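A.B. asks: Got a structure for you, written out below as structure tokens; questions coming shortly.
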Amino acid sequence: MNAVPFDTLKLADRLQAGGFTAEQARTFASSLADAANAADVVTKPYLDDRLVALEQRLTIRLGGMLVVAVGVLLAAIRYLPVH
């Protein structure tokens, strides 16, 4: 996975300009960079593959439920007495 370039110095400078102390700004920028680089990022192709697999599973499950429902209806028609 490619890491996203992240300018921690620029962020720390902006935080200092916004009222953070130098130590707070450096710690926050460093922690944010570590979290961004360590995070598992979902990409569009990965998500597309997962959605296709989900669609297939749902289609199979729905088809199975329809087969069972038709079977129950046919059994009801065949074996329930008619008044």
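The values are calculated or read from the model by the stated rules, or taken from the named source; none is laboratory data. Note that the structure is predicted; figures quoted are calculated from it, not measured. Cβ sites come from the backbone with ideal geometry, for glycine too, and all protein chains shown count toward neighbours. For the accessible areas, the whole protein counts, side chains as well, though only heavy atoms, and no ligand, DNA or RNA atoms are used. Shrake-Rupley method; radii C 1.70, N 1.55, O 1.52, S 1.80 Å.
A.B. asks: With respect to Arg26, determine if the residue is basic (Lys, Arg), under 27 Å from Pro5 (Cβ atoms), open to solvent by 100 Å² or more (accessible area, probe 1.4 Å) and more than 27 Å from the chain's Cα centre (by Cα). Break it down into steps so the answer makes sense when it comes.
C.D. replies: On the way: basic (Lys, Arg): yes; under 27 Å from Pro5 (Cβ atoms): yes; open to solvent by 100 Å² or more (accessible area, probe 1.4 Å): yes; more than 27 Å from the chain's Cα centre (by Cα): yes.
Spelling it out, Arg26 is indeed basic (Lys, Arg), under 27 Å from Pro5 (Cβ atoms), open to solvent by 100 Å² or more (accessible area, probe 1.4 Å) and more than 27 Å from the chain's Cα centre (by Cα).
A.B. asks: Could you please find all residues in the stretch 29-78 being without any contact (Cβ under 8 Å) to a residue 24 or more places away in the chain, within 30 Å of Pro5 (Cβ to Cβ) and of a type in the set (D, E, K, R)?
C.D. replies: Asp34, Lys44, Asp48, Asp49, Arg50
A.B. asks: Report, by residue number, each residue of the stretch 8-42 that is modelled with pLDDT of 85 or more and of a type in the set (D, E, K, R).
C.D. replies: Lys10, Asp13, Arg14, Glu23, Arg26
Per-residue answers, yes or no, for (1) part of a helix (DSSP H, G or I); (2) open to solvent by less than 70 Å² (accessible area, probe 1.4 Å):
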| residue | (1), (2) |
| --- | --- |
| Arg14 | yes, no |
| Ser30 | yes, yes |
| Val42 | no, no |
| Asp48 | yes, yes |
| Leu51 | yes, no |
| Leu62 | yes, no |
| Leu73 | yes, no |
| His83 | no, no |
